[in-house]
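The values are calculated or read from the model by the stated rules, or taken from the named source; none is laboratory data. These figures come from a predicted structure and were not determined experimentally. Every residue, glycine among them, receives a Cβ derived from its backbone with ideal geometry; neighbour counts consider all protein chains shown. Side chains included, ligands, DNA and RNA excluded: accessible areas come from the protein's heavy atoms. Shrake-Rupley method; radii C 1.70, N 1.55, O 1.52, S 1.80 Å.
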Amino acid sequence: MAAELLAGVSTLGHPARVLGVYRRADLPHGAREVCLALWQLTDPGNVGTLLRTADAFGACVALSEDSADPTGPKAVRASAGAIFRVPRVAWDEAPGRYVALVAHGGRPLDEVDLAAPLTFLLGSEREGLPEELVADHEQATVPLPGQAESLNVAAAGAIALYALSRRQVG
């Protein structure tokens, strides 16, 4: 596509020269052994980054209501194409046991049983996960030896999936 034409319809200052058209219904659906369940993540950049992370570690993604649209421009860019590879499942179809990642008060992640099938519950940085959602599930925390109070939700999700993959390999 001509750069001038694409620049006229793009929201980016320097758009790519490729344009794709797809139907939302054609995006992948279906459960995998590991899932990230995203509770009311309103930042499309975090949603896209977690799709990309799920792609890297072979997980699926479930989005609650009131989460950012994973097919919005910012989420698609942050996913780096993972939106076209990572299957999504309905919130109530996420597989296995649930482990809620919480900023404080959970067991250290390295002490938690991460045997698949497993779903990591992740909440927004501002609100976290509601107590009624995590009450019946194990809670895990990424220990922070530094001075940061908490992690970005996308960083926490990446660390959780990495920890799981290390256990499966070793």
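Quick test for you: out of Gln147, Gln139, pick the one residue that is surrounded by fewer than 19 Cβ atoms within 10 Å (Cβ to Cβ) and assigned to a loop (DSSP other than H, G, I, E, B).
Residue meeting the stated conditions: Gln147.
Of the numbered conditions (1) of a type in the set (Gly, Ala, Ser); (2) modelled with pLDDT under 95; (3) surrounded by 13 or more Cβ atoms within 10 Å (Cβ to Cβ), Ala59 satisfies every one except a single condition; which is it?
Only one criterion in (1) of a type in the set (Gly, Ala, Ser); (2) modelled with pLDDT under 95; (3) surrounded by 13 or more Cβ atoms within 10 Å (Cβ to Cβ) is unmet by Ala59, namely (2).
Quick one: which of Ala54, Ala62 is within 26 Å of Pro117 (Cβ to Cβ), assigned to a helix (DSSP H, G or I) and within 15 Å of the chain's Cα centre (by Cα)?
The match here is Ala54.
Output the qualifying pairs, or none if there are none: Cβ atoms under 7 angstrom, residues six or more apart or on different chains, first residue in region 1-30 and in a helix (DSSP H, G or I), second residue modelled with pLDDT under 80 and exposed (fewer than 12 other Cβ atoms within 10 Å of the Cβ).
These pairs meet every condition: Ala3/Arg17; Leu6/Arg17; Leu6/Leu19.
Take the conditions farther than 18 Å from Val153 by Cα, open to solvent by 20 Å² or more (accessible area, probe 1.4 Å) and of a type outside the set (Gly, Ala, Ser) and apply them to Arg97. Does it pass?
yes
Among the listed residues Thr53, Thr42, Thr71, identify the single one that is of a type in the set (S, T, N, Q), open to solvent by 50 Å² or more (accessible area, probe 1.4 Å) and at negative phi.
Of Thr53, Thr42, Thr71, the one residue that is of a type in the set (S, T, N, Q), open to solvent by 50 Å² or more (accessible area, probe 1.4 Å) and at negative phi is Thr42.
Scan region 104-117 residue by residue and report those that are open to solvent by 50 Å² or more (accessible area, probe 1.4 Å), touching a helix residue (DSSP H, G or I) at 6+ places or on another chain (Cβ under 8 Å) and either in a strand (DSSP E or B) or within 17 Å of Val153 (Cβ to Cβ) (or both).
Those that are open to solvent by 50 Å² or more (accessible area, probe 1.4 Å), touching a helix residue (DSSP H, G or I) at 6+ places or on another chain (Cβ under 8 Å) and either in a strand (DSSP E or B) or within 17 Å of Val153 (Cβ to Cβ) (or both): none in region 104-117.
State which residue is most open to solvent (accessible area, probe 1.4 Å) when the search covers only region 81-93 and only residues that are modelled with pLDDT of 95 or more and not in a helix (DSSP H, G or I).
Per the stated criteria, the residue is Arg85.
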